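Enquirer: Below you will find the structure I want to go over with you.
The values are calculated or read from the model by the stated rules, or taken from the named source; none is laboratory data. Remember, it's a predicted structure, so these values are computed and weren't measured experimentally. Cβ sites come from the backbone with ideal geometry, for glycine too, and all protein chains shown count toward neighbours. Remember, those area values only see protein heavy atoms, side chains included, never the ligands or the DNA or RNA. Shrake-Rupley method; radii C 1.70, N 1.55, O 1.52, S 1.80 Å.
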Amino acid sequence: MTAPAATGTARRQLSTQAASVLERFPPRPVPESWPETAADWFAVARRLLAPPFAFGDASARHWRKLSMLKILDWLELHPGTTWQQRWDSSGAGAGGLDVDWRDQVVADLRAVGRAGPLGTGLHPRLGAGMAQLIGGDVLRPGLFWLLTTPAPARIADEMGRLRDPAGVAALRELRKQATVGNATFDPAVERIAVIMAAKGGLVADITPGDCIELLDCSRQAAGDGTSSRRTSPFFYQLLHAAGAFPPAAPATVRMIGPNFAGQLTAEQLIDRYGIACQPVRDLLVDYLRERQPAIDYNSLVKLATALVPCFWKDLEAHHPGISSLHLTPAVAAAWKKRLRTRTIRTPGGEQAVARESADDNLMIIRAFYLDLAQWALDDPARWGPWAVPCPIRASDIQYKKQKSRTKARMDARTRERLPVLPALAAAADRARTDATARLSAALAAEPGELFTAAGQQLRRAGTQKPTPRAWAEDPGTGSRRDLTREDENAFWAWAAIEVLRHTGIRVEELTELSHHSLVQYRLPSTGELVPLLSIAPSKKDAERLLVIGPELADALSAIITRVRGTSGTVPLTPAYDPHERTWKPPMPLLFQRVVGLENRPISADGIRHLLTGALAASGITGTDGKPLAFWPHDFRRVFTTDAILNGMPPHIAQLILGHEDINTTMGYKAVYPEEAIRGHRAFIAQRRATRPSEEYRTPTDAEWDEFLGHFQRRRVALGDCGRAYSTPCIHEHSCIRCPMLRIDPAQRHRLEEIRDNLHDRIAEAEREGWAGEAEGLRVSLAAATSKLAQADATTARRAEHVHLGIPAYRDIAATTLTAEGPHGH
């Protein structure tokens, strides 16, 4: 195999972000000559045989000297005025793994009688001499040759000893902070040395363009069977963490990787399927361009997928040469039949199953035909030739039936998961606590020492090189466990479950939560601050605010504490939007973790993976006895159902969930009487029609003060009353028995006094024979005991009080909402 003649072919496959980086930070060109390569034979030999190039024992110095001088003798056989020109003219740098340059050196020297008596023994030692010439900057081989030559580790040693000792030492010092193992870290240092060997200069001279060139060559060299470690882009993180790049350089190599290529144009979306009929291809491109301004990119991709592979490409495959959208009834019927089924492979052979997305695709294609007919009225010259009868009738789309089936399936799924949600939350909390205990015990133990934590006995495992991760071995099985990773996974699984179940937000909104999402509302009369969670627009362009309850506040406090660590601030992290395929500016995201040497957001797929692990560890099973699956959207449906079943009006739930239509909210809810919904909505419509318009006017200052006063009148001796505004106490102020009472942990001593008093009164009632009185007092005693447990749980969660650090308006773009008082104050 030979090296690529130029990098232009590889660069054409780069993402738009990588092309932009190449324009701003171009790769360094290799000059035709430099002092070290232009020196004569004696000057090169004199410099490379003296310290610091001469090192090691006598035998190593002898073979390094002999191999280096033989390479110089061999290079003199080829034309050129510099050693680099002689190397290029020899052709040895164009080989891949199937060509050994050392064979050519020995063969050429033997042909002129200069191989010497040790020609055979010299062959395996030529690499030492070549590494010395490269380290001395006499030769600068190409990137492809350096990647496919089996000596990058030796070159890295030479660069660290001869070329840039301080720079390479600084890179290796970052090993203590990295979360990756030696199998990833060491090849990254080798690849940085490869750039220095091919381009010259020091570590600080490397540009992002140099890294992109190396990535291009790595993808081509990977086809030669080279180790997959050498295709890892971690070396870019290493250089960025070492401060080698300017501030404007991409913060992560993922910004220039092929998996984050950015948005495709309408032409690219259509041309990736290879349509044979050019006029239809042009029509589809024009149609996408016409629709693009009104829809997001993800919808545009779905549109292209439905129109091309699901529609036109299928027609071209079964009817070669087709060029008209006007389909005969037979052709249309056959196509719709194929669209409704798909073939899957099973152990018994191929099997046809129903395609769930068939109706969605039919709706898109029907809209395509109807749009062309409508547009033809406005612009006949452009769209008129394509206005033909639509092959899809309204009756072909069984959307209502499909929606009913989906609703029934989702309701059954919600009913099964609603009762087990508390058990899942408790299991995730235990797993987090146990993982933290194991990690703390491991960090306190010496390598090889046994320790016991969370009911498990493990042995602290030693590592060959310093690492911030804690490893342990199971004495029974001998398996190694990364306790640091276990602690991270357990914590973030718990955090995701807590935030999702207390807010009902989408998983995309969860990943977009940032420190700026914490805002506050100040009551004008008392000055009390009510914490709110700002949910940035995701699916709909509407921001919404959610009240942060005590449990959610505890979870957010733990998240912020973990993310900001010892730095005191939440790191700014760029996030990739997989739907829009764009990179967002760096934000202090809450759900982020350290990967390698960079803070990386936890993606939606990462959240799903964490939930799967938490469910597997909890042992929770469904009604069929199999492990129960819990997806992030299940929490949203469970939240909606639980809220409405416990008295939240549907239109309030609609606002909290961010739905435009209340029917969508009711679709999320399960096991709620349909008659009650219809009756409630009819009652609201009738009331608005019959009541005077004054009831819908702007409230007066007195009415607003009355509303705010409700929150002040909720305060009771044992805590706060959570009853809704303008509602009487349904338990006749028997707070002990009321589930709306939120206990203040500071009033625990009052609860203990009430509990002790109840014990005395029960004893008195039993002594006097007041059986009815004793029975009622026992109910109150059970409620008091439950409230004590609730207070203890709240105290345990708040044992480590953490300031959330809500940013001020002058520091960030978030807003602090303050209601005006009755006099504008």
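Enquirer: Using the Kirkwood formula over every pair of different C-alpha atoms, what hydrodynamic radius in Å results for the chain?
Expert: Values: mean 1/r = 0.0299 Å⁻¹.
Kirkwood hydrodynamic radius for the chain: 33.5 Å.
Enquirer: What ranking of W34, W63 comes out by heavy-atom accessible area, probe 1.4 Å, highest first?
Expert: Heavy-atom accessible area, descending, gives W63, W34.
Enquirer: Now, a different point. Starting with the highest mean, order 283-291, 467-475, 313-321, 373-381 by the number of other Cβ atoms within 10 Å, averaged over the residues of each peptide.
Expert: Descending packing order for the listed peptides: 283-291, 467-475, 313-321, 373-381.
Enquirer: Tell me, what is the percent relative contact order of the chain, built from C-alpha pairs under 8 Å that lie six or more residues apart?
Expert: Relative CO of the chain lands at 9 percent.
Enquirer: Can I ask one more? Where Lys and Arg each count +1 and Asp and Glu each count -1, what net charge lies around V595 among other residues with Cβ under 12 Å from its Cβ?
Expert: Computed value for this residue: +2.
Enquirer: Oh, and also: Using a simple spin-label model with points 7 Å from Cα along the Cα→Cβ vector, what separation in nm is obtained for K176 and D577?
Expert: Modelled inter-label distance: 4.1 nm.
Enquirer: At q = 0.10, 0.17, 0.19 Å⁻¹, what log₁₀ I(q)/I(0) does the stretch 161-311 have when each alpha carbon counts as one equal point scatterer in the Debye sum?
Expert: Evaluating at q = 0.10, 0.17, 0.19 Å⁻¹ gives log10 I(q)/I(0) of -0.54, -0.91, -1.05.
Enquirer: Related question: Give the percent of DSSP beta bridges with both residues in the chain that are antiparallel, rounded to the nearest 5.
Expert: On the way: 39 of 41 bridges.
Of those bridges, close to 95 percent are antiparallel.
Enquirer: What is the gain in length, in nm to one decimal, between L202 and L788 on full extension, counting 0.36 nm per residue of separation less the C-alpha to C-alpha distance?
Expert: Details: separation 586, 0.36 × 586 = 210.96 nm, distance 6.61 nm.
Value of the extension gain: 204.4 nm.
Enquirer: Quick one: what are the phi-derived ³J(HN,Hα) couplings along the stretch 440-454, Karplus 6.51/-1.76/1.60 with θ = phi - 60°, whole Hz, x for glycine and proline?
Expert: 5, 5, 5, 5, 7, 8, 8, x, x, 8, 7, 8, 10, 8, 6
Enquirer: Oh, and also: Considering all projection directions equally, how large on average is the shadow of the alpha-carbon convex hull of the stretch 259-351, in square nanometres?
Expert: With every direction weighted equally, the projected area is 8.2 nm².
Enquirer: Right, something else. Can you tell me the length gained on complete extension of the stretch L655 to R110, counting 0.36 nm per residue apart and subtracting the Cα distance?
Expert: Roughly 187.7 nm would be gained on extension.
Enquirer: Separate question: Roll a 1.4 Å probe over the protein heavy atoms and report the accessible area of V547 in Å², nearest 10.
Expert: V547 has an accessible surface of roughly 100 Å² with all protein chains in place.
Enquirer: For the stretch 478-581, which GluC sites (Glu not before Pro) are in a loop by DSSP, counting at most 16 other Cβ atoms within 10 Å?
Expert: E528, E543, E580
Enquirer: Right, another one. Collect residues whose amide H, placed 1.01 Å from N in the peptide plane, falls under 5 Å from the amide H of R544; neighbours closer than 5 in sequence don't count.
Expert: Correct list: I535.
Enquirer: Please compute the alpha carbon radius of gyration of the stretch 508-595, then divide it by the globular-protein estimate 2.2 N^0.38 Å. Two decimals is fine. Please report the intermediate quantities before stating the final value.
Expert: Numbers: Rg = 14.5 Å, N = 88, 2.2 N^0.38 = 12.1 Å.
My calculation over the Cα atoms of the stretch 508-595 gives 1.20.
Enquirer: Determine the dipole magnitude for the chain: charges of +1 sit on the beta-carbon of Lys and Arg, -1 on that of Asp and Glu, nothing else is charged, the reference point is the Cα centre, and the result goes in debye to the nearest 20.
Expert: Values: 102 positive and 94 negative charges, 299 e Å.
Rounded to the nearest 20 debye, it is 1440 debye.
Enquirer: Here's something else I'd like to know. Roughly speaking, what is the stretch gain from T328 to A45, that is 0.36 nm per residue apart minus the C-alpha to C-alpha distance, in nm to one decimal?
Expert: Gain on extension, T328 to A45, equals 93.5 nm.
Enquirer: At R0 = 35 Å, how high is the FRET efficiency between A373 and H318 if r is their beta carbon distance? Nearest 0.05 is fine.
Expert: On the way: r = 25 Å, r/R0 = 0.72.
Given R0 = 35 Å and the Cβ-Cβ separation, E is 0.90.
Enquirer: Restrict the search to the stretch 501-566; then list the trypsin sites (Lys or Arg not before Pro) that DSSP places in a loop and that have at most 12 other Cβ atoms within 10 Å of their Cβ. Write out the running numbers ahead of the final one.
Expert: On the way: sites: R501, R506, R522, K539, K540, R544, R562, R564; in loops: R506, K539, K540.
Passing both the DSSP loop test and the Cβ count: K540.
Enquirer: If you wrap a convex hull around the Cα atoms of the stretch 158-198, how much volume per residue is inside, in Å³?
Expert: That works out to 59 Å³ per residue.
Enquirer: Something else now. Under 5 Å between amide hydrogens, which residues at least 5 positions from S514 or on another chain qualify, with H placed 1.01 Å from N in the peptide plane?
Expert: Those lying under 5 Å, H to H, from S514 are L590.
Enquirer: If I take R0 = 35 Å and measure r between the Cβ atoms of R393 and K302 in this structure, what FRET efficiency does the formula 1/(1 + (r/R0)^6) give, to the nearest 0.05?
Expert: So, using R0 = 35 Å, E works out to roughly 0.95.
Enquirer: Next up: Just to be sure I understand the model, the point goes 7 Å from the Cα along the line to the Cβ. What's the resulting L77 to E764 distance in nm?
Expert: Calculated label separation equals 11.4 nm.
Enquirer: List, in order, the whole-Hz ³J(HN,Hα) value for each residue of the stretch 771-780 obtained from phi through the Karplus relation with A = 6.51, B = -1.76, C = 1.60 and θ = phi - 60°; use x for Gly and Pro.
Expert: 5, x, 4, 4, 5, x, 5, 5, 4, 5
Enquirer: How many angstrom lie between the C-alpha centres of the stretch 419-453 and the stretch 584-636?
Expert: Taking the Cα centre of each part, the stretch 419-453 and the stretch 584-636 sit 18 Å apart.
Enquirer: Quick check: pseudo-label points 7 Å beyond the Cα along Cα→Cβ at K337 and R355, how many nm apart are they?
Expert: So the label points at K337 and R355 sit 1.5 nm apart.
Enquirer: Follow-up question, since we're still on this one. Past 29 Å, Cα to Cα: identify those pairs from K336/K626; K302/K401; K336/K584; K70/K176, in the order given.
Expert: Details: K336/K626 37 Å; K302/K401 22 Å; K336/K584 40 Å; K70/K176 41 Å.
Checking Cα-Cα distances, K336/K626; K336/K584; K70/K176 exceed 29 Å.
Enquirer: Round to the nearest 10 and report in Å² the accessible area of R737, as given by a 1.4 Å probe over the protein chains' heavy atoms.
Expert: Approximately 110 Å² of R737 is accessible to the 1.4 Å probe.
Enquirer: Next question. Before rounding to the nearest 500, sum -39500 (n - 2.57) across all DSSP H runs of length at least 4 in the chain and divide by the residue total; then give [θ] at 222 nm in deg cm²/dmol.
Expert: Calculated from helices alone, the mean residue ellipticity at 222 nm is -15500 deg cm²/dmol.
Enquirer: Quick one: what Rg and Dmax do you get for the stretch 341-436 from the alpha carbons, in Å?
Expert: My reading of the Cα-based Rg and Dmax gives 23.6, 71 Å.
Enquirer: Sticking with this structure for a sec: L645 to E551: FRET efficiency via 1/(1 + (r/R0)^6), r the Cβ-Cβ distance, R0 25 Å, to the nearest 0.05?
Expert: 0.85
Enquirer: What list of ³J(HN,Hα) couplings, whole Hz, do you get for the stretch 80-86 from phi and the Karplus terms 6.51, -1.76, 1.60, once you set θ to phi - 60° and write x for glycine and proline?
Expert: Taking θ as phi minus 60°, the curve returns x, 9, 10, 5, 5, 5, 5 Hz for the stretch 80-86.
Enquirer: As a test question: what accessible area, to the nearest 10 Å², does R338 have when a 1.4 Å probe is rolled over all protein chains in place?
Expert: About 60 Å², ignoring ligands and nucleic acids.
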